[in-house]
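Down below is the structure, laid out as structure tokens.
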Amino acid sequence: MKIKASTFYNIIFFAILTLLIIPQTRKPIQVTLHKAISSFSPSPSVIKTKNRAVIETYNWSLKSLDGNLFNFNTTKNKVVLVNFWATWCPPCIAEMPSMQKLYNDYKDHIEFVFVSNENTNVIQKFLQRKGYTFTAYNSISKPPKPFQVASIPKTYLLNKTGHIIVDKTGASNWNSDKIRALIDDLIQ
């Protein structure tokens, strides 16, 4: 018996739909889909000079998972990547491997500020399970106005003068040649 192509595609569609309904399979499927989309989508775009927002105040207090206070003022005159994320967020999870690779190569050249509003134990377990080595923070004061986000993941790349060069919502490949070339130009 030969199955028609349309019947085959309908079976596949309903199988995927069923798997998305089951909580244990939904998240891995979503993460995989976001990874695929971010790997095939273009790198985040650079904002045109005339449209760039600027960080006017660096007064923002954060706390690392081990309880150390971090004042965003220390990032003044540095290239900074700020990422708002959560452990339950499939697009966030999808882009984290590229963030880790970028962090591995640039941690001594730019500041990375990974911010989540989740419980520190939840974040620590997630980072350990995934083998991520970057420092994550909880915000303990209101972030500067441009960083007041409505959805995650949300990532900003700032130049040394505090101008937002990249403002990206959603998963992306942060380890792309385009982003690396941009960061290389910014740290010169």
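The values are calculated or read from the model by the stated rules, or taken from the named source; none is laboratory data. Not measured: the values here are computed from a predicted model. Cβ placement follows ideal geometry from the backbone for every residue including glycine, while neighbour counts extend to all protein chains displayed.
Of everything in region 160-188, what is assigned to a strand (DSSP E or B), touching a Lys or Arg at 6+ places or on another chain (Cβ under 6 Å) and either of a type in the set (Phe, Trp, Tyr) or touching a residue at least 40 places away in the same chain (Cβ under 8 Å) (or both)? Give them in sequence order.
His163, Ile164
Identify the residue in region 71-125 that is out of contact with any Asp or Glu (no Cβ under 7 Å at 6 or more places or on another chain), β-branched (Val, Ile, Thr) and assigned to a helix (DSSP H, G or I) and, among all such residues, is farthest from Lys27 (Cα to Cα).
Per the criteria, the residue is Thr74.
So which residues in region 61-70 are exposed (fewer than 14 other Cβ atoms within 10 Å of the Cβ) and assigned to a loop (DSSP other than H, G, I, E, B), if there are any at all?
Those that are exposed (fewer than 14 other Cβ atoms within 10 Å of the Cβ) and assigned to a loop (DSSP other than H, G, I, E, B): Asp66, Gly67, Asn68.
Could you check how many residues of region 56-80 are under 28 Å from Lys125 (Cα atoms) and among the polar types (S, T, N, Q)?
Total satisfying the criteria: 6.
Out of (1) without any contact (Cβ under 8 Å) to a residue 12 or more places away in the chain; (2) in contact with a helix residue (DSSP H, G or I) (Cβ under 9 Å, 6 or more places away or on another chain), what's the single condition that is false for Gln100?
The single condition Gln100 does not satisfy is (1).
Can you find a residue that is basic (Lys, Arg), modelled with pLDDT of 95 or more and within 26 Å of Tyr137 (Cβ to Cβ) anywhere in region 22-39?
No: region 22-39 contains no residue that is basic (Lys, Arg), modelled with pLDDT of 95 or more and within 26 Å of Tyr137 (Cβ to Cβ).
Looking only at region 106-124, count how many residues are over 28 Å from Leu186 (Cα atoms) and in contact (Cβ under 8 Å) with a residue 24 or more places away in the chain.
6
Checking Ile47 against (1) in a helix (DSSP H, G or I); (2) among the hydrophobic types (A, V, I, L, M, F, W, C); (3) more than 15 Å from the chain's Cα centre (by Cα): exactly one of these is not met. Which one?
(1)
Is it true that some residue in region 46-60 is more than 21 Å from Ile152 (Cα to Cα), surrounded by fewer than 16 Cβ atoms within 10 Å (Cβ to Cβ) and aromatic (Phe, Trp, Tyr)?
So far as region 46-60 goes, yes, one or more of its residues are more than 21 Å from Ile152 (Cα to Cα), surrounded by fewer than 16 Cβ atoms within 10 Å (Cβ to Cβ) and aromatic (Phe, Trp, Tyr).
Every residue, every condition in (1) among the hydroxyl-bearing types (Ser, Thr, Tyr); (2) buried (at least 16 other Cβ atoms within 10 Å of the Cβ); (3) under 22 Å from Leu62 (Cα atoms); (4) more than 9 Å from the chain's Cα centre (by Cα), yes or no:
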site: Pro90; (1), (2), (3), (4): no, yes, no, yes
site: Phe126; (1), (2), (3), (4): no, yes, yes, yes
site: Pro146; (1), (2), (3), (4): no, yes, yes, yes
site: Lys160; (1), (2), (3), (4): no, no, yes, yes
site: Ala171; (1), (2), (3), (4): no, yes, no, no
